[in-house]
Amino acid sequence: MASAHSPALSLVLLLLLSPSLAASSEERENKSSSLGALFWATGKDESDLLTVVDSHDPSAVESENDEFAGGFSSLDGMLQWAIGHSDPVKLKEKANDIQKLSAEELRKRQLEIKELMERLQMPSDAELMQTAISDLNNSSISLEDRQCALNELLILVEPIDNANDLDKLGGLVAVIRELHHSDPEIRTTSAWILGKASQNNALVQNQILAYGVLTKLMKMVNSSFTEEAVKALYAISALIRNNEVGQKLFYAEDGNIMLQDIMTNSSMDIRLQKKAVFLATDLADYQLGNADNAELSFLSDRLFLKAVVDLTSAPDLDLQEKALMAIRSLLQLSSTKALDFKDFCSLDEVLERMREHLGKLISLEEHTEYARDLESLRREVYIIFHKKVEQVTWVLA
């Protein structure tokens with residue numbers, strides 16, 4: 001980056017930065033390999049310009065609550081801010097001082113600035129990813145450093161370009177290996193990374209599926225460590241969303257039984273139940289949008305349908321809403337039978353009980369708006385359901 005800067009830019013740096021700045025930063029370390037995040041400091045004293053934040057938490061780097069918070073994305077951005085916040089009189093005085101420097105003194109100052117600019121260079125995302133992956137491949141690092149490396153990847157894989165590079169850098173192999181680690185937090189973060197990297201990304205979905213990870217993730221859903229189970233189900237959902245190959249593998253691994261067990265187990269963590277019913281909706285919506293593809297037969301299984309419908313009786317309104325959304329999508333599948341919803345799932349009675357319950361909630365100020373939205377969804381489900389029943393009645397008649 002330093003070589004790209006013009007002499008004019010070096011002059012501006014000479015005007016803005018004190019000679020002691022470069023010297024004061026010589027002893028500072030770039031700790032990005034252990035998740036230290038290097039950033040351009042703002043609103044700081046000159047001696048604090050080069051700042052390294054050493055944090056084990058990916059959410060730990062936060063902006064300061066003042067007008068200078070946020071950081072700079074480039075050295076030019078830093079210079080623009082510095083010029084805008086400099087006293088014009090003092091800036092002019094510094095310019096006059098610079099003009100008095102000898103050629104040798106000026107060269108010395110320019111070398112100091114060049115060293116500083118090189119020290120301020122941000123490593124690329126690919127370099128940061130490679131460092132984290134190298135840490136994961138190092139069997140001698142501590143558990144804490146291993147977790148730090150995973151936390152760094154968790155942030156870095158969010159941009160789609162970075163996610164696409166993960167496998168080329170050897171990252172998928174490294175992260176997948178951590179799914180078998182003895183520490184549940186390591187396994188949890190590893191599953192989380194796979195989910196983030198594959199979300200709405202067919203390339204990464206297929207890469208991960210090719211490594212045969214789905215079976216392991218489904219076993220992790222049964223973990224006694226709840227957070228591990230939640231992140232594993234999140235990863236599964238991300239892997240098979242809009243992915244026909246992934247959905248077939250999911251079905252082959254009895255994924256429908258897994259979802260059904262989660263939805264019917266009242267002692268199950270509610271986050272798992274929400275993710276399970278959301279995945280059911282996602283699978284049904286994919287079938288609706290891809291009529292030419294063979295439907296997943298379990299979506300029309302009456303036991304599976306009842307597991308979804310029964311969630312409308314859950315005390316949590318958000319779970320009720322997600323269940324209604326799933327029912328709405330499942331009703332529209334040509335493979336589901338109206339009489340299964342009517343006779344086996346007692347959907348008529350379920351929707352009537354919901355209507356009465358929501359009517360009471362609407363009268364309570366703190367629930368009015370949400371209850372009205374839920375009632376609107378309930379009515380939509382009611383209409384779709386009765387149209388489906390009427391079609392059957394008409395055919396039988």
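The values are calculated or read from the model by the stated rules, or taken from the named source; none is laboratory data. Every value quoted in this text rests on a predicted model; they were computed, and no experiment measured them. Cβ sites come from the backbone with ideal geometry, for glycine too, and all protein chains shown count toward neighbours. What goes into the accessible areas is simple: the full protein's heavy atoms, side chains included, and nothing from ligands, DNA or RNA. Shrake-Rupley method; radii C 1.70, N 1.55, O 1.52, S 1.80 Å.
For the reader, a short list of remarks on this structure follows.
- Estimated distance in nm for a label pair at LYS168 and ARG302, the labels positioned 7 Å out from Cα along Cα-to-Cβ: 5.4
- Sequence ranges 156-162, 213-219, 238-244, ranked by mean other-Cβ count within 10 angstrom, highest first: 238-244, 213-219, 156-162
- Euclidean distance of C-alpha centroids, segment 325-397 and segment 187-223, integer Å: 34
- Multiplying the residue separation of GLU253 and ASN138 by 0.36 nm and subtracting their alpha-carbon distance yields 38.1 nm.
- When peptides 363-376, 189-202, 337-350 are sorted by average Cβ neighbour count within 10 Å, with the highest value leading, the order is 189-202, 337-350, 363-376.
- Here r is the Cβ-Cβ distance between THR215 and ASN96 and R0 is 51 Å; the resulting FRET efficiency, rounded to 0.05, is 0.10.
- When a 1.4 Å probe is rolled over the protein heavy atoms, the share of accessible surface on segment 281-332 that falls to carbon and sulfur comes to 45 percent.
- Taking a ≥ b ≥ c as the square roots of the Cα gyration tensor eigenvalues, segment 238-356 comes out oblate, since a/c reaches at least 1.5 and a/b does not exceed b/c.
- Rounded FRET efficiency, nearest 0.05, which uses the C-beta distance separating ASP316 from ALA103 and R0 of 51 Å: 0.10
- Of the peptides 259-270, 301-312, 220-231, the order by per-residue mean of other Cβ atoms within 10 Å, starting with the highest, comes out as 301-312, 220-231, 259-270.
- For segment 228-366: accessible area per residue (Å², 1.4 Å): 44
- FRET E, pair GLN121, ILE160, Förster distance 30 Å, beta-carbon r, rounded to 0.05: 0.75
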